[in-house]
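Readers should treat all values here as calculations from the given coordinates under stated rules, not as data from a laboratory. It should be emphasised that the depicted structure is a prediction, and the values quoted were computed from it without experimental measurement. Glycine also receives a Cβ, built like all others from the backbone with ideal geometry; neighbour counts cover every protein chain displayed.
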Amino acid sequence: MFRASIAALPLALAALPVFAETPAASAPATETVAARIQADMPGLMATYRDLHANPELSFQEQRSAKIMAEAARKAGFAVTEQVGKTGVVAVLRNGNGPTVLIRADMDGLPVVEQTGLPFASARRGVSTAGVESGIMHACGHDTHMTAWIETARLLAARRGEWSGTLVMVAQPAEEMGLGARAMLADGLYTRFPRPDFALAFHNTSELPSGVVGIRSGWALANVDSVDIEVKGVGTHGAAPHLGKDPIVLASAIVMRLQTLVSREQDPVEPAVVTVGSFHAGTKHNIISDTAKLELTVRSFSDAVRERLLDGIQRIAAGEAIAAGLAEDRMPVVTVKEPYTRATYNSPGFIAEIAADLSARMGEDRVMTVDRPAMAGEDFDEFRRADEARIRSALLWIGAVPAATLDEARRAGKALPTLHSPFWAPEADKVIAAGAEALTLSAMRLMAPAR
């Protein structure tokens, strides 16, 4: 996650795109969802290219939110904007039945795009840390938004085939892990219908384009950010015996942290402790009095998370004692709050979705994902806000052509992936599969006979 912000461009400087024609209130009985999506694809790709070329950083998604709000209004939804700062909630009530929430995330990343696409982003902004950077949809949220728009249209057009309440959520600040919490804090479940089911998808570089990936149980990890301020005693670089070198101490801490996973963690239960930043010193011949480490810590269960965080504290203090630091010079370990909690797919629920999508989309387009990802996602906040009631599922949608993926695996070649400046998903396949999977799943959940 990267905390960043940017002043939104005036809409006058970046006009909203022209949408494909909104489907009629009722779709032809013989037309499949897949066929309708393909007919809509030219307009969807125009919307996608526009979103891709105009990304916005977390909590600054003003233009993107307007595009999604307008599309939902045209489809017949009651739309509320600025929920959780820049979020959008669109509600379509369609008789008695369950309530289904469908979410898409909107924010881009502070990345300079290097895809070479003709519609590549040239946007720039300034992060909350004061660092200017390019902005890019390097996590593929532009595909999520476009599929969300099509899903809203499809379900509105087919409301004769389902009964219940549909809540479409356009969420800000997923990359900060704060957007879902912000919307919930702003009354998502009190101002709007509380869901029985929550659905979302995320594009991935690990599956062939258009393939739906199903993962039961833990799907994405807890994400903690930890800062360690290592204190020493500064002195001349030529007289190290007169001080306590924080760089040596911090280096010892870094090396010892590697044992938290390699020697203390059950090998069959995934965990990650990565030191991503090490800052110390100002000049060749000065031993500084501080060093700073920044860590990302990934886990799934609460027990493993607590053990890793406790271990970081123990190792930092232990190495300082071994280095002869006084009590008032002990390292300061700060666990940043709030953290992004792990995403959990309700097992029985995700199995139902997998079976239905396999039958309706084809078995070759639905695959079981055999391991969770260590990346983070705040989608599970929508389930955790009412765990006794809500069942949720986050699907993966493949975004790399099958031939490209096969060739890279045979050659042992790494391909661009999420958060890379070169990430360019096969967008039409992602959008089509994402919209189809979300639409079919929602219609099954709200089928009148269910």
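Taking every DSSP beta bridge that has both residues in the chain, what percent is antiparallel when rounded to the nearest 5? Restricted to the chain, the bridges split so that about 70 percent are antiparallel.
Using R₀ = 41 Å, calculate the FRET efficiency as 1/(1 + (r/R₀)^6) where r is the Cβ-Cβ separation of ALA78 and GLU363; round to 0.05. The value I calculate is 0.60. Counting only whole DSSP H helices of the chain, the ones at least 18 Å long by C-alpha along their axis and with mean Kyte-Doolittle hydropathy no lower than -0.5 are 33-53, 141-157, 302-322, 347-361, 427-445.
Each peptide among 341-349, 267-275 gets the average number of other Cβ atoms lying within 10 Å of its residues, and from highest to lowest they stand as 341-349, 267-275. Highest mean packing first, where packing is the average number of other Cβ atoms within 10 Å per residue, the peptides 100-108, 311-319, 203-211 line up as 100-108, 203-211, 311-319. The sum of -39500 (n - 2.57) across all DSSP H runs of n ≥ 4, divided by the residue count of the chain, sets its helix-only mean residue ellipticity at 222 nm to -10500 deg cm²/dmol. Peptides 43-52, 88-97 ordered by packing proxy, namely the average of other Cβ atoms within 10 Å per residue, highest first: 43-52, 88-97. Would you count, across the chain, every pair of lysines whose alpha carbons are under 26 angstrom apart, provided the pair is eight or more residues apart or spans two chains? Taking the chain as the scope, the lysine pair count is 15.
Could you check the spin-label model distance between ALA351 and MET330? Points 7 Å from the Cα along Cα→Cβ, value in nm. Spacing of the two 7 Å Cα→Cβ label points: 4.8 nm. For the stretch 225-335, the alpha carbon convex hull comes to 93 Å³ per residue, rounded to a whole number. Compute the signed sum of charges (Lys and Arg +1, Asp and Glu -1) over the other residues within less than 11 Å, Cβ to Cβ, of VAL400. Taking every Cβ under 11 Å from that of VAL400, the sum is -2. Our estimate of slack between SER262 and ALA239, defined as 0.36 nm per intervening residue step minus the Cα-Cα distance, is 4.6 nm.
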